[in-house]
Amino acid sequence: MQHLFIFGLGFSARAVARAAMTAGMHVTGTSRSEEGTGRIRAMGAEGVVFEPGRTGALPLDPSITHLLVSVPPTDPRKASPGLEGPDDPVLATMADAIRALPKLEWIGYLSTIGVYGDRGGAWIDEEAELVPSSERSARRVRAERAWLDFGAAMGCRVQVFRLAGIYGPGRNVIESLRRGRERLVIKKGQVFNRIHADDIARTVLAGMASQSPVSIFNVTDDEPAAPQEVMAFAAALAGLALPPAVPFEEAELSEMARTFYGECKRVRNQRIKSVLGVELAYPTYREGLRAVWAAEQAGGNGG
């Protein structure tokens, strides 16, 4: 049986774990707390506590065949002792243990389309130059390269998945509107790509199954859209009121949100289709939000 080990079983990785278990894989995932590992076990996977800088290196089961990394790079302002240098905390802590895995055949790394920076709304693909506009995204660029180099040195296939804005059951604009967390920020010409968590899982599993030497994939939907357009669709779908519109220049935003709105690009996803054979279940936000809403109404989990 194939064994998938996931570092950081967060929102996107949980979708991958569910899809992998459905495909017959044994799945182990890490969380930073015992409470988190309890939630992992409730999914039917094996849970392990792992927090770089606190728990130290983990013993890894020699049966592991696939490894997925969904842990963000280390922020030096928040780094634990011993993790101040390397950008990737998993490599900093677990490199020797990973090298020693006798059956490992694939490593996946969940990154972000933020590595491309701002393109003024232009269309780009995986061949575009990486010009990150924040230090956070620059750390992602360095972590991507570190994993690709690490895999090349040990003769293991590595694939990097650059994710667009992630949504799905429990994490979407309908839920944010319902909780009063959304801000209708208007910035002329602003568009974003998005991706449903189930389509992330679909793409990652296709990457595992593929023997292609291609190592970089944009994981996005087909239609970059303005945030106000998506919010209006969600509000109409769920019968919710829109918050007041606020010009970008006047909006009170977190550092991360301001960086998010400071970048505008249209990201092509043709490679996941032509190389991995992926057919998106939710090619635009419309299909994705309709599925989320329908599942809510039916009392399900939206995917």
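Miscellaneous remarks
- At least 3 residues being charged (D, E, K, R) and at pLDDT below 95 is the threshold, and among the helices (runs of 4 or more DSSP H) wholly inside the stretch 96-214 those reaching it are 135-154.
- A single entry from Glu279, Glu263, Glu252 fulfils the requirement of being surrounded by 15 or more Cβ atoms within 10 Å (Cβ to Cβ) and assigned to a loop (DSSP other than H, G, I, E, B): Glu263.
- Test: residue in the stretch 8-22 that is over 20 Å from Met208 (Cβ atoms), among the small types (Gly, Ala, Ser), in contact with a strand residue (DSSP E or B) (Cβ under 7 Å, 6 or more places away or on another chain) and at pLDDT 95 or above: no
- Against the numbered list (1) without any contact (Cβ under 8 Å) to a residue 60 or more places away in the chain; (2) surrounded by 15 or more Cβ atoms within 10 Å (Cβ to Cβ); (3) among the small types (Gly, Ala, Ser), Ala164 comes up short only at (1).
- Residues being open to solvent by 10 Å² or more (accessible area, probe 1.4 Å) and either touching a Gly at 6+ places or on another chain (Cβ under 8 Å) or farther than 27 Å from Leu9 by Cβ (or both) - total across the stretch 95-120: 3
- Selection of the stretch 28-37 for residues being open to solvent by 20 Å² or more (accessible area, probe 1.4 Å) and outside any strand (DSSP E or B) yields Arg32, Ser33, Glu34, Glu35.
- Every pair of residues 6+ apart whose Cβ atoms lie under 6 Å, when the first sits in the stretch 15-27 and is assigned to a strand (DSSP E or B) while the second is of a type outside the set (Val, Ile, Thr) and open to solvent by 40 Å² or more (accessible area, probe 1.4 Å): His26/Met1; Val27/Met21
The values are calculated or read from the model by the stated rules, or taken from the named source; none is laboratory data. These numbers come from a predicted model, not from an experiment. Heads up, the Cβs are rebuilt from the backbone with ideal geometry, glycines too, and the neighbour counts pull from every protein chain shown. The accessibility values were calculated without ligands, DNA or RNA, using every heavy atom of the protein model including side chains. Shrake-Rupley method; radii C 1.70, N 1.55, O 1.52, S 1.80 Å.
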